[in-house]
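What follows draws every value from the coordinates through simple rules; no lab data is involved. Just so you know, these numbers come straight off a predicted model, no measurement behind them. A quick note on method: Cβ atoms are made from the backbone with ideal geometry, for glycine too, and the neighbour counts reach across all protein chains shown.
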């Protein structure tokens, strides 16, 4: 659980452009992992779920930052 809070702190310290770039990187990684999984080359199937969760966390932080900007 401590790793999760550290990851969120790191994400909240970045600006929106950096976060959007990070989403693209994680999506590329997710695509590669899906292709490996379909061809039977991916031994660590938990990475598929981890990528999905990471994307959701980043998008949540992006939405938090956008709502803060709108309210300010």
Order 46-56, 9-19 from most to least packed using the mean count of other Cβ atoms within 10 Å. 46-56, 9-19
Inter-probe distance in nm under a simple model that places probes 7 Å from Cα toward Cβ, at residue 7 and residue 24: 2.2
Relative contact order, percent, of the chain when contacts are C-alpha pairs under 8 Å separated by at least 6 residues? 39
For labels at residue 42 and residue 14 in the simple 7 Å Cα→Cβ model, what's the distance in nm? 2.0
